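Visitor: Handing you this structure, nothing more for now.
Every read-out reported here was derived from the displayed coordinates using simple, explicitly stated rules and does not represent laboratory data. Note that the structure is predicted; figures quoted are calculated from it, not measured. Glycine gets a Cβ as well: all are built from the backbone with ideal geometry, and neighbour counts include every protein chain shown.
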Amino acid sequence: HRQPTSLDTFTEEEQMLRESVRRFAVDVVGPKVREMDENEMMDPSIIKGLFEQGLMGIETSAEHSGAECSFTSAIIAIEELAKIDPSVSVLCDVHNTLVNTVVRKYGTKEQQDKYLPKLSESWLGSFCLSEAASGSDAFALQTRAKKEGSHWILNGSKMWITNSYEAEFFLVFANIDPSKGYKGITCFIVEKDMGVQVAKKEQKLGIRASSTCTLSFDDVKVPEENVLGGEGNGYKIAIEILNEGRIGIAAQMLGLAQGAFDKAVPYTFERKQFGQPIGTFQSMQHQMAKAAIEIEAARLLTYNAARRKEEGLSFTREAAMAKYYASVVAQNVSGQAIEWCGGIGFTRETGIEKYWRDSKIGAIYEGTSNIQLQTIAKFIQKDYSS
Ligand code: CAA
Ligand code: FAD
């Protein structure tokens, strides 16, 4: 509310969406944030509310029960939710920018007709790529699929899977022919009832209401029509979707930084020391000014990457930059926000310390910061080496 955006390129529809997500985040999510963090559990009513608000099929066509909005709208929703709770934000982010997008972009008409309405209305989705021994080196995954008649039999396990505790729908990457290396990786649509086992739910530093589980697949029988995007195309699907998804994580980190700033700054003008509001000391003002610059820069990087993607321009380098930088900013600003509030900022009472705990994940998931730097460096090498 305090922060006007410097980008006036949002459409009326996008601005209305921002307002409605903000209201939902403040009124519905806000009162539950602390309890969900302490219980390490997403309140089911929040997931239901996201579906009812039309926020779980943001880019999906109306024909498939979606809201038929722009990619930037999804980014706006993720940002607004993160201002209040980065856990709710990542739930919505994974479901929209990873899961729905794969089905919309690579699914057959039958797969889209069957699954997109469910994913818009009530089925939560998760994206299952990482494993215990393959995180950054994602294409070294060990989950296998073997053809038997008209089915594929999946065996293996996945680790760190967001949303998987509550999900009904799993996009699972498995190798069907390891002799081809990563060119054997194939994406499968797996329904919970086909036999997905949640083996372990992680206890985490931050985004504690967002579920993160290990999954096991023990002779899970998947019909052949559930191969998504063709045999051997899984690695391309995974990384192409992650290039987009990284803009979503940038938006999550941007919202987080702004949320911490919005919460801490008013306090500095109320709290008095040495007979004056602490926010009027020049050193405090300069810290706040620098944080505002960082947030603005993260915002510009994030929305620039989003618009480039929407315009059909190259965006991989810009997405990596946005994710990397927004993660740094989120950590810096939320850390400073604690300091601006002094001792009270260090307690659970204000909720500011939670932003700092939640910020740490930005440098880890959807490609660590080193992976983003490597992605950017590859472009530099291509552009500058002969
Ligand atoms: N965009 C498009 N294609 C890319 C690419 C990119 N950014 N990076 C690599 N590729 C392609 C290459 O072109 C190559 O394909 P071809 O053989 O068809 O030309 C293929 O991938 C292999 O390339 P490399 O040998 O250079 O790549 P690698 O094996 O060293 O690593 C990678 C590739 C696994 C994609 C790695 O760079 C990476 O991004 N690791 C991080 C994995 C990740 O982001 N996991 C996220 C899991 S989901 C998640 O985390 C969700 C959540 O928390 C909320
Ligand atoms: P590693 O790959 O072992 O990395 C450890 C360190 O080594 C990092 O600092 C890394 O940057 C560095 N490193 C590794 N390789 C290189 C290199 N080549 N050059 C320089 N440095 C390198 N995955 C999913 O598939 N779906 C999900 O929904 C999902 N959700 C997640 C939610 C949470 C809360 C967490 C923690 C993880 C989630 N992940 C998910 C997994 C996430 O994408 C991986 O944790 C991440 O890609 C890093 O892999 P890793 O944990 O194995 O770390």
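Visitor: Does the stretch 205-212 include one or more residues that are within 16 Å of ligand 1 (Cβ to nearest atom) and within 19 Å of Gly107 (Cβ to Cβ)?
Guide: Within the stretch 205-212, not a single residue is within 16 Å of ligand 1 (Cβ to nearest atom) and within 19 Å of Gly107 (Cβ to Cβ).
Visitor: Would you list the helices (runs of 4 or more DSSP H) that sit entirely within the stretch 30-125 and hold 1 or more residues that are among the β-branched types (Val, Ile, Thr) and within 16 Å of ligand 2 (Cβ to nearest atom)?
Guide: Correct list: 44-52, 71-84, 86-93, 101-106.
Visitor: On to the next question. If you check every pair at least six apart or on different chains, which have Cβ atoms under 8 Å apart with a residue in the stretch 194-219 that is within 18 Å of His151 (Cβ to Cβ) first and a residue that is of a type in the set (Phe, Trp, Tyr) and within 16 Å of ligand 1 (Cβ to nearest atom) second?
Guide: From the stretch 194-219, the pairs are Val196/Phe170.
Visitor: Here is a follow-up. Of all residues in the stretch 149-163, how many are in contact (Cβ under 8 Å) with a residue 60 or more places away in the chain and either aliphatic (A, V, I, L, M) or away from ligand 2 (no atom under 11 Å from the Cβ) (or both)?
Guide: Going through the stretch 149-163 one residue at a time, the tally reaches 8.
Visitor: Next question, about the same structure. Going residue by residue through the stretch 83-100, is there one that turns out to be surrounded by fewer than 18 Cβ atoms within 10 Å (Cβ to Cβ) and over 17 Å from Leu119 (Cβ atoms)?
Guide: No, that holds for no residue.
Visitor: Does Ala167 qualify as being in contact with a strand residue (DSSP E or B) (Cβ under 8 Å, 6 or more places away or on another chain), surrounded by 24 or more Cβ atoms within 10 Å (Cβ to Cβ) and farther than 28 Å from Phe51 by Cα?
Guide: So Ala167 does not fit the description; no.
Visitor: Another question about this same structure. Going through the stretch 114-133 one residue at a time, which ones are more than 27 Å from Ala74 (Cα to Cα) and surrounded by fewer than 16 Cβ atoms within 10 Å (Cβ to Cβ)?
Guide: Of everything in the stretch 114-133, those that are more than 27 Å from Ala74 (Cα to Cα) and surrounded by fewer than 16 Cβ atoms within 10 Å (Cβ to Cβ) turn out to be Ala132, Ala133.
Visitor: Can you tell me how many residues within the stretch 214-233 are surrounded by 22 or more Cβ atoms within 10 Å (Cβ to Cβ) and within 12 Å of ligand 2 (Cβ to nearest atom)?
Guide: Result for the stretch 214-233: 1.
Visitor: Glu191 fails exactly one of the following numbered conditions: (1) touching a residue at least 24 places away in the same chain (Cβ under 8 Å); (2) out of contact with any His (no Cβ under 9 Å at 6 or more places or on another chain). What is the number of that condition?
Guide: If we test Glu191 against (1) touching a residue at least 24 places away in the same chain (Cβ under 8 Å); (2) out of contact with any His (no Cβ under 9 Å at 6 or more places or on another chain), just (1) comes out false.
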